[in-house]
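Peer 1: The structure that follows is given in the form of structure tokens.
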Amino acid sequence: MLCEDNNVKKHVLITSLSKNPWDAVYSLYGKTAKANQSPLALMQLLPPKSLPQQIIVLCTKALEEQFDQVKELMETGSSAGIGGGSGVGTDMQITVRSLSIPDGKTTEELWQILHLILGAVPPGCRLTLDLTHGFRTYPFLFFTAAMFLKALHNVQIEAVYYGMFDTPGDEKPIVDLSLILDMVEWFYATRTFVETGQASHITGLLVPFENRPEGLTGPACRPYSMVKTLRESFDATAAGA
């Protein structure tokens, strides 16, 4: 198990597996790795600081055999180049556990899967999602769970990875879709302001965009000043509501 500093939150990866795995060359951060399951590729491509301490694999009965194989590779360090080829290799041990879920064919089963995910993720942790494999309902469930975990359990979303199998070429890029979660935050903040006049959420989202980089001067500062003016306008409107 990775040593966890008292000031560092536990990092958890939630993923799923392919029932019929096949070798593919994944690319991320300018590096490539060959694997037959996306989490195996991620463990090779992520830098050491971004590696999870625990991997939770959503597992239907049909995936139990695949899970056993992935668990062995992960926990023995047999997945070559773990940590982006940094030399961490077999010295690193990662805890891998399965989360048994139904197939999600009914409304009741979908709610059950969401409930199981919410119960499996430790409060206050750092969370990474891998949407590459699994049924097409999984991305919706993952995103929904992420929003609940962020709002209710103070979970920090690190990244939302997806391996793009349908792209042309031999390399299949892994992209980070966490921007979509940010879009949901902006939607919620906008709706709250429109319906209630409360601006704290939307102004909180604007603050990072008004902090100009150190040393920036002249006309290049204008966009940051505009964001500050916009934030102050929201505050003034909310105060007068």
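Peer 1: Within the bounds of segment 209-223, is there any residue that is within 17 Å of Ile14 (Cβ to Cβ) and not in a helix (DSSP H, G or I)?
Peer 2: The answer is no; no qualifying residue exists.
Peer 1: Right, here's the next one. Looking only at segment 143-156, decide whether some residue is outside any helix (DSSP H, G or I), in the same structural domain as Lys49 (by TED's automatic domain parsing) and under 30 Å from Lys19 (Cβ atoms).
Peer 2: Checking segment 143-156: at least one residue is outside any helix (DSSP H, G or I), in the same structural domain as Lys49 (by TED's automatic domain parsing) and under 30 Å from Lys19 (Cβ atoms).
Peer 1: Can you find even one residue in segment 126-136 that is modelled with pLDDT under 95 and surrounded by fewer than 19 Cβ atoms within 10 Å (Cβ to Cβ)?
Peer 2: Yes; the residues of segment 126-136 include at least one that is modelled with pLDDT under 95 and surrounded by fewer than 19 Cβ atoms within 10 Å (Cβ to Cβ).
Peer 1: Within segment 102-137, can you find the residues that are touching a Lys or Arg at 6+ places or on another chain (Cβ under 8 Å) and either part of a loop (DSSP other than H, G, I, E, B) or farther than 19 Å from Ser178 by Cα (or both)?
Peer 2: Pro122, Gly124, Cys125
Peer 1: Okay, moving on. Out of the residues in segment 97-139 that are basic (Lys, Arg) and free of Cβ contacts under 8 Å to residues at least 24 places away in the same chain, state the one that is farthest from Leu149 (Cα to Cα).
Peer 2: Lys105
Peer 1: Which condition does Asn154 not pass, out of (1) touching a Gly at 6+ places or on another chain (Cβ under 7 Å); (2) within 28 Å of Ala35 (Cα to Cα); (3) of a type outside the set (Asp, Glu); (4) modelled with pLDDT of 90 or more, if it passes all the others?
Peer 2: All conditions pass for Asn154, except number (2).
Peer 1: Further question: Among residues belonging to segment 230-241 that are part of a helix (DSSP H, G or I) and exposed (fewer than 11 other Cβ atoms within 10 Å of the Cβ), point out the one that is modelled with the highest pLDDT.
Peer 2: Ala239
The values are calculated or read from the model by the stated rules, or taken from the named source; none is laboratory data. Please read all numbers here as calculations on a predicted model, not as lab measurements. Every residue, glycine among them, receives a Cβ derived from its backbone with ideal geometry; neighbour counts consider all protein chains shown.
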